[in-house]
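FYI, it's all coordinate maths here, none of it is from the lab. Predicted model, so just to flag it, every value in this text is computed and none were measured. Heads up, the Cβs are rebuilt from the backbone with ideal geometry, glycines too, and the neighbour counts pull from every protein chain shown.
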Amino acid sequence: MQNYGKRMTISDLTPTAKLLRQLVRIPSVNPHGNPGVANPGERACAEFVGKFLRRAGADVELQEVRPGRPNVIGVFKPKAPVKRRLLLAPHTDTVSVAGMTVDPFVATVSGGKLHGRGASDTKGPMAAMLQALREFTVSGAFKNGGLEITFAGLMSEEAYNHGAFAWAEKCPRYDLAIIGEPTQWQIVHAHKGCAWLAFTTKGRAVHASTPADGENAIYAMTPLLAYVEKKLMKKLAKFSHPQLGATSIAATTISGGAKDNIIPDTCEMHADLRYTPDLTVSAVLALIRADLKKLRIPAIVSVNSDNHPLHTAADHELIQKIRPHTNGLATAPWFCDAAIFGAHGIPAVALGPGSIAQAHTADEFIKLGDLEKGREGYLKILRALLP
């Protein structure tokens, strides 16, 4: 095992760490919100991964999902008849780099860690998957076995999950999907659903010198914010899951007005809803609309996106096969692409090295020891899943 405690140079890095360094150095920021870069998007990363997969022996295609934003799909086919199909699917996009305290794309190595945007979420798991695949698919065990493996680098996981939806619509029926996420090498088999809601208040625009002549949409938002924070949170908390915990909602963005000297005629607040498997977004909307009517809050609520919870049975045969090579089963409060494949009837879990605690942070990193354990773990899992 590599000694990560000593002073290191780039030449000391393992092949997996060198691959991760290359991936982090390719910007692939999701364009949603404020990406913090001039040219966001996943194409460059997808093309790099595609070349890696081709050299490793996969049949590769780029699936254009949005302009300049493809999925990269690589299929490894055994010589023997196919008896089982496996999907390995990390995402190629990262969150914004705005506000980072380390250079997001240098991939600095220090103190046994590799820093940079995506190092943990989720280029670390991606590098470990890719390196394990390259080692495994040249083996006689793979070639003479009946395991077909698809690697799917999915775009847009960090906002709207367009890549997962696009591939789930056309992919074959997999016996198991392993979604690459930093789970501390635990099998996340259940997580909450995630919906993004929009609340809108309307007013009447007039010159700001005569505010009494108009209706201020921003002021109209004030009682709505109080309702979401105080009353709605309390009501939703009653919908709880023994493993996942309570349903929650949080205001995340707010905008209104067009100019400093105009009374705003529109204000919009977005909220993030994390809900348990026993609840639906339509039920939450019905509750909110009834409350707004009762409280006489003149606001409109709508759904921008809705992704269902994940709940793959912990006793599934293939989960039990891979469980001995992991740190056990877990649930999570966050959402990932696994739920989209689960909604299409494909048993799906999230699994990867690194910790979600380092994801989206100003100094994002992954421990190099964890990264290497991830490569070794994926390799053991691939062997365990041979029919």
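Run through the DSSP bridge list for the chain and note the antiparallel percent, rounded to the nearest 5. Each step should come with its number before you reach the end.
Working: 51 of 69 bridges.
Beta bridges within the chain, antiparallel portion: roughly 75 percent.
What do you get for the angle between helix 368-384 and the principal long axis of the chain? Use alpha-carbon atoms, 0 to 90 degrees, nearest ten.
So the helix axis and the longest Cα principal axis differ by about 70 degrees.
Obtain the nm distance between the two label points defined at residue 141 and residue 246 by a simple spin-label model: each point lies 7 Å from its Cα along the Cα-to-C-beta direction.
The two pseudo-label positions are separated by 4.7 nm.
Could you put 274, 54 in order, starting from the residue whose Cβ has the fewest other Cβ atoms within 10 Å?
With the sparsest Cβ surroundings first, the list reads 54, 274.
Need the full-extension length gain, residue 296 to residue 51, defined as separation in residues times 0.36 nm minus the C-alpha distance. One decimal, nm. Working shown, then result.
Working: separation 245, 0.36 × 245 = 88.20 nm, distance 5.83 nm.
The span from residue 296 to residue 51 would gain 82.4 nm if fully extended.
How large, in Å, is the stretch 183-241 by the Kirkwood hydrodynamic radius built from its alpha-carbon pairs?
The Cα-based Kirkwood calculation yields 15.4 Å.
At q = 0.17, 0.26 Å⁻¹, what is the base-10 log of I(q)/I(0) for the stretch 262-333 according to the Debye formula with one equal point scatterer per Cα and no solvent? Please give it to two decimals.
-0.81, -1.25
What does the charge add up to near residue 309, with Lys and Arg as +1, Asp and Glu as -1, over the other residues with Cβ less than 10 Å from its Cβ? Show your work: numbers first, answer last.
Numbers: positive: 192, 274; negative: 278.
Once all neighbours under 10 Å are counted, the net charge is +1.
Give me D for the stretch 193-307 in µm² s⁻¹, whole number, from Stokes-Einstein with Rh from the Kirkwood sum over alpha-carbon pairs, 20 °C and 1.002 mPa s. Let's see the in-between values first.
Numbers: Rh = 15.0 Å.
In µm²/s, the coefficient is 143.
Within the set of other residues whose C-beta is less than 12 Å from the C-beta of residue 202, count the net charge using Lys and Arg as +1 and Asp and Glu as -1.
Neighbour charge sum, excluding residue 202 itself: -2.
Give me a comma-separated list of calculated 3J(HN,Hα) values for the stretch 255-264, in order, Karplus coefficients 6.51, -1.76, 1.60 applied at θ = phi - 60°, integers in Hz, x for any Gly or Pro.
Listing the rounded values in order: 8, x, x, 10, 7, 4, 10, 10, 5, x Hz.
To make sure I understand, if each residue's beta carbon is the centre and we count other beta carbons within 10 Å, what order do 303, 72, 60 fall in, fewest to most?
Ordered by Cβ neighbours within 10 Å, fewest first: 303, 60, 72.
Hey, what do the phi angles of the stretch 123-129 turn into as Karplus ³J(HN,Hα) couplings, whole Hz, using 6.51/-1.76/1.60 and θ = phi - 60°, x for Gly and Pro?
With the stated coefficients, the stretch 123-129 comes to 6, x, x, 5, 4, 5, 4 Hz.
Simple spin-label model, 7 Å along Cα-to-Cβ: residue 210 to residue 83 in nm?
8.3
Give the average over all directions of the projected area of the C-alpha convex hull of the chain, one decimal, in nm². Walk me through the numbers before you get to the answer.
Details: hull surface 83.8 nm².
The directionally averaged projection comes out at 21.0 nm².
Please tell me which of these pairs span more than 24 angstrom C-alpha to C-alpha: 238/293; 77/170; 113/143?
113/143
Give the angle, between 0 and 90 degrees and rounded to the nearest 10, that separates the Cα long axis of helix 281-295 from the longest principal axis of the Cα atoms of the chain.
20
How long are the three semi-axes of the equivalent ellipsoid for the stretch 19-64, computed from the Cα gyration tensor as the root of 5 times each eigenvalue, in whole Å, largest first?
23, 13, 6
Between the stretch 137-203 and the stretch 310-350, how far is it from one alpha carbon centroid to the other, in angstrom?
Each part reduced to its Cα centre gives a spacing of 11 Å.
Please report the spacing between the Cα centers of the stretch 44-65 and the stretch 238-283 in Å, no decimals.
37
If you average the sequence gap of Cα pairs under 8 Å that are 6 or more apart and divide by the length of the stretch 193-307, what percent do you get for the contact order? Walk me through the numbers on the way to the answer.
Working: 225 pairs, mean separation 48.6, N = 115.
Relative contact order comes out at 42 percent.
Of 216, 377, 254, which is farthest along the charge dipole of the chain in the positive direction, counting Lys and Arg as +1 and Asp and Glu as -1 at C-beta?
377
Amide H neighbours of residue 239 under 5 Å, at least 5 residues apart or on other chains, H built in the peptide plane: list them.
Correct list: 247.
Please report the relative contact order for the chain, taking Cα pairs under 8 Å with a sequence separation of at least 6, and give it as a percent rounded to a whole number.
Value for the chain: 23 percent.
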